[in-house]
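Structure first, then comments.
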Amino acid sequence: MKTITGLMAAMLALGVSASTALADGATAAQLPDPPKFDAQGKVTFVGVGDILTYAALPAYNEPEFVKALEKAGKLPALKDRLPKEPMVYKTGNMKDGIGVYGDVMRHVIGGRPEGWNYWAGQSQGWGGIDIGLSECLTRTGPLFQVKAEELQPLPNLAKGWDWSADGHQLTMHLIEGAKWSDGEPFSADDVMFYWEKNVLDTNVHPLNGANPGTFGEGTTLEKVDANTVKWTFKNAFPTQVLYAMAYGTFCPGPAHILAPQHPANSKNTYDQFKNAFPPSYMDMPTMGAWVVVDHKPDNIVVLRRNPYYWKVDEKGNQLPYLNEMQYRLSTWADRDVQAVAGTGDFSNLEQAENYVESLKKSADPAAPARLEFGQRTIGYALEFNYSANGWGDTDDRSVAVHNLNRDLHFRKAVTSMLDRQRLGESLVKGPFTAIYPGGIYPGTSFYDKASTVYYPYSVDAAKAELAAAGLKDSDGDGVVNFPKDVNGGKNVEITVLGNADYQSDKSLVEGVIAMGEKAGLKVIPKLLSGKDHDAARDAGKFDWQVLRQGSEVITAVQDTGHLAPIGPNTTYFHQAGTDGKVDVMDFEQKLVDTVNKFIGAKDAKDRIELMKEYQKIATENVYTAGLTVYPGALIINKRFANVAPGAPIFMYNWAEDNIIRERVFVPADKQSKNELFPDTLPGKPGSAPGEGLLK
Amino acid sequence: MLRYLAYRILAAIPVLFVMTLITFAIIHSTPGDYADYVAQQLRVQGHATNEAALAAAQQFRIDHGLNDPLIIQYFRWMKDVLTGNFGTSYFFNRPISEVLAQRLPPSLGLVITVHVLGTIIGVSLGIIAAARQYSWIDTLISFVGFLGITTPKFLFALVLIYILAFKVGVQELGSFYSSYWSYQPMSFGKLWNLILHVWPIILVGVLNGISYNMRMMRGNLLDTLNAQYVETARAKGLSYGATVLKHAVPNALHPLAAYQSAVMRYMIEGEIETSVIFGIPTIGVAIVLSMGIGDVLVTATLMLILGLVQIVGGIVSDLLLAWLDPRVRLGE
């Protein structure tokens, strides 16, 4: 009897102990609001109509030197160069109002132009060159300032669009009478050439990966007339494709230049087509504000104003205000240094470690550059490799850890062990960083605090959750062990992949390791650089990874597929195994369903509700363990005006697009003498570098 | 002498061949390739979807034969090496010979300037320090030498660039010339602009070079000054200065001459450290860049060139030694 009583008492004690452990496990709490700080620019939210319209104005204006060229008969009259109804930027949305002509913006980049055939996959060296050269059907960069209720891509080459009643057809009205930078007319033929001979032709691979699937499987496009095209979709109202029609997947090229080189119309091979416009080919026609007129390999790329640009201000001044763009070909790290020193004009400062020093420097009245902090759109999460079916490492330890990752108790233990306040401070002290529990970033359009489940820092809760996951320190060495029948009951050792190229990534990895040790997990760093890091990530060779996240958690409407494993390799941490299928868990399936509904939702309200649902499922189940979010800072020379306050360095697009460079200007008294080709305009396509200029 | 030269050049050929094999194998031993870099750029810069980026990477591998067996890739490169163009750089999208032709002369110019200044100043300081052993001058020079040797060049470069960019506001950073001057023909103005851009790199390199040369010269000279023939020269009534300069210094230079065979490599390594930090388009920066992004043919070619420089350095050092010391006979 005594034995039975004792056994019962022991069982009761065990039961109490277990329930106590669970009761002490991770409990959701109120998420603290991100700290405010003065250096963060305040965005003035507006409607699309407050930014731009399309209208014929009574008179137009242009720089004096262009007038002189026009007078000399070297250029058609301005009214003949502009479209019937140019795009007009509203003065009310321009921080410093109507601008003046002149000066240059000097960029520094780490890339090199491969050539100018963007549409066949050639990079122009990035850093905003291609953004400046590419005008697309729609535009997303400036959306950071658009009110949530009006949120949809801005019109651009497509000045408007209508949905059919059943939502399967979308008719787009292109800007009428606009011209390429060489004076040739822009029309629906350019759009159709891009669609038929670049997107649909499987032998051609446009730079940012546009393919028929980008616009929905089974989608077709047809020309209605010279200024109208019509899309037909399998699904009704796939409004999200409007985002895919912006940079960088639907920016048509000059068909009159490209088509003769395409294998369909010539004896060229596809490779010859791709390389038909090498880096030495100047004055490649563009619809963008500037045209490439000179390229010195490994030294500089120079762009001059496009005399046929189709955008104006409300006073009829043809844009851009800046006559020239320069791109010094250096290194990416050099970009920040040169912008701070004043030899460069523009940089996206992303490494939080440099914020305080850069702010101090910019506070000096004599400093050439200022810092403009945007919203907190740089964020990191700890991502779990969920694959238990052969993607990535398949040794016993890795498989055991991947299976642990699939256990909610384990994930709750991980999220509870993270002291996010300290993690943020390890990058930069001060009010820059904010606690990020996971899911959509706080402060962005689709974020909903009420739907966000936050498990606060608690080592005790983490230990309790580890116990609930069946992990105990059976050998007393301070590290929990697998159950005896899993991986031989060895210590739980977890590799965490991080990018060794960035100090922020390394600091966060080190923080995760230290915090894991306190909770009883042995976390081993796997810090790799550049391509090695990406190769390991893409092959799934990690247990956890500290990753800087992308557009999907900022805008939700871009790269939406990254939010859940809706395809075999849409996410970075859970991909298809050897059988070609993703072994999704129940909560992941809910995420997949929600994301798919979101993609197909027409109504803005429905989309907001769906993203709330996504946020709840993702954060409640610790889909990823968020770490920290912080703002990037735009370093821009103080002489520039019309830079919208709070412009993020990256949101819907990079800052080079966000600030709408064509309407940025330098007041007359601050203009520099840095133009390399003053009083000149681009020449004929195919000119030699620096030699075809119109002057 | 000619026979010796011919022998050394012939002997270098198999060394270079083995070096190409080893270099090529080592470069390919790390995971990832340039296609991964392509995918990364598409994701980061063009915010392409993961699927699109992976597809583009795979296409790149097919187009450029990166999926071929390593041995086939090696022989493809060797064919290019033997024809003198070294293949095409994925990143620069130009023949590697053009990249070399553009970057090698200024790199060598920098390296040689640093080397010559470092040697002349270092040897001179070494002589002064040895001749004034244990004086305050010796202590000061030795302290500077100690700093130069113990401070990593990249750290010195980082501190210098921080001061120049963040504190002083220097405008000449990150290239050989300002944009304006890069368009002008050579003139005093352009030369001055060049000096304004490269002096920090030369300073870092020279400080390091001075230290090595000074310490070596000081040690050698002190050893030589204790030799019997120096005592004899002094006993014959030769002045101390004349004894040092005419008898001791030439003999103390032998180890320095032998050091020339290795110094070129150190100089280029130093150039890599400082040029990367200052963002100057040199060979060193191209090596680091190409290794980071998997532009393997550029890395392999540049390593080959560095090996060649090392071998040439060895030959020059031997010739120098023979010229300095009549006891040394080449090829006999």
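Read the figures in this text as sums done on the coordinates, not as results from a lab. A quick note: this is a predicted structure, and the numbers were derived from the prediction, not measured. All Cβ positions, glycine included, derive from the backbone under ideal geometry; neighbour counts span all protein chains shown.
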Which FRET efficiency value, to the nearest 0.05, is calculated for residue A:485 and residue A:408 with the Förster distance at 22 angstrom and r the Cβ-Cβ distance? 0.60
Output the Cα-based Rg and Dmax of the stretch A:396-442 in Å, rounding Rg to one decimal and Dmax to a whole number. 14.2, 43
Straight-distance crosslink candidates among lysines, where the alpha carbon sits under 21 Å from residue B:236 and sequence neighbours closer than 8 are dropped: B:246
Is the stretch A:132-268 rounded, prolate or oblate when judged by the Cα gyration tensor, a ≥ b ≥ c being the square roots of its eigenvalues, rounded requiring a/c under 1.5 and prolate requiring a/b larger than b/c? prolate
Gain in span if fully extended, residue A:61 to residue A:596, counting 0.36 nm per residue against the direct Cα distance: 187.8 nm
Spacing of the two label points (7 Å from each Cα toward its C-beta) at residue B:150 and residue A:364, in nm: 3.0
Is the shape of the stretch A:278-356 best called rounded, prolate or oblate, per the rule: a/c under 1.5 gives rounded, else a/b larger than b/c gives prolate, else oblate, with a ≥ b ≥ c the square roots of the Cα gyration tensor eigenvalues? oblate
Please report how far the C-alpha centroid of the stretch A:346-365 lies from that of the stretch B:103-154, rounded to the nearest whole angstrom. 35
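Could you grab the relative contact order for chain A? Cα pairs under 8 Å, six or more apart, rounded to a whole percent.
Relative contact order of chain A: 21 percent.
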Spin-label point model (7 Å from Cα, Cβ direction): what's the residue B:199 to residue A:603 distance in nm? 7.1
Using a 7 Å offset from the Cα along the Cα-to-Cβ direction at both residue A:163 and residue A:429, what is the distance between the two label points in nm, to one decimal? 5.2
Round to the nearest 0.05 the FRET efficiency obtained for residue A:587 and residue B:78 when R0 = 41 Å and r is the Cβ-Cβ distance. 0.15
Treating the Cα atoms of the stretch A:398-548 as identical point scatterers in vacuum, please give the log10 of the normalised Debye intensity I(q)/I(0) at q = 0.21 Å⁻¹, two decimals. -1.41
Computed over the Cα atoms of the stretch B:98-156, the Rg and Dmax in Å are 15.9, 53
For the stretch A:88-201 (alpha-carbon point model, no solvent) the Debye-based log₁₀ I(q)/I(0) at q = 0.18 Å⁻¹ works out to -1.36
Over its Cα atoms, what ratio of radius of gyration to 2.2 N^0.38 Å does the stretch A:27-68 give? 2.49
Past the 39 angstrom mark, what percentage of all C-alpha to C-alpha distances in the protein assembly as shown do you count? 52
Sequence order, the stretch B:213-226: Karplus ³J(HN,Hα) from phi using 6.51 cos²θ - 1.76 cosθ + 1.60, θ = phi - 60°, Hz rounded, Gly and Pro as x, gives 5, 5, 5, 5, 5, 4, x, 4, 5, 4, 4, 5, 4, 8
In Å, the Kirkwood hydrodynamic radius of the stretch A:305-346 over pairs of distinct alpha carbons? 12.5
Can you compute the label reach from residue A:171? Point 7 Å from Cα along the Cβ direction, backbone N cut-off under 16 Å, restricted to the stretch A:223-249. A:223-233
Taking θ as phi - 60°, what are the ³J(HN,Hα) couplings along the stretch B:238-253 by the Karplus curve (6.51, -1.76, 1.60), each to the nearest whole Hz, with x for Gly and Pro? 6, 5, 4, x, 5, 5, 4, 6, 8, 10, 6, 4, x, 6, 6, 7
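Checking the table A:361/A:541; A:311/A:531; A:315/A:449; A:95/A:590; A:412/A:597; A:67/A:673 against a 32 Å threshold on Cα-Cα, which pairs fail?
In this structure, A:361/A:541; A:311/A:531; A:315/A:449; A:95/A:590 lie more than 32 Å apart at Cα.
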Could you work out [θ]222 nm for the protein assembly as shown from helices alone, using -39500 (n - 2.57) per DSSP H run of at least four and dividing by all its residues? Round to the nearest 500 deg cm²/dmol. -13500 deg cm²/dmol
How long is the gain from residue A:71 to residue A:222 if the chain were fully straight, where each residue apart is worth 0.36 nm and the alpha carbon distance is subtracted? 50.3 nm
Would you mind getting me the FRET efficiency between residue A:529 and residue A:36? Use the beta-carbon distance for r and R0 = 35 Å, nearest 0.05. 0.45
Taking the DSSP beta bridges in the protein assembly as shown as the whole, what percent of them are antiparallel, to the nearest 5? 75
Would you mind estimating how fast chain B diffuses translationally, via Stokes-Einstein at 10 °C and 1.306 mPa s with the Kirkwood radius over Cα pairs, in µm²/s? 69
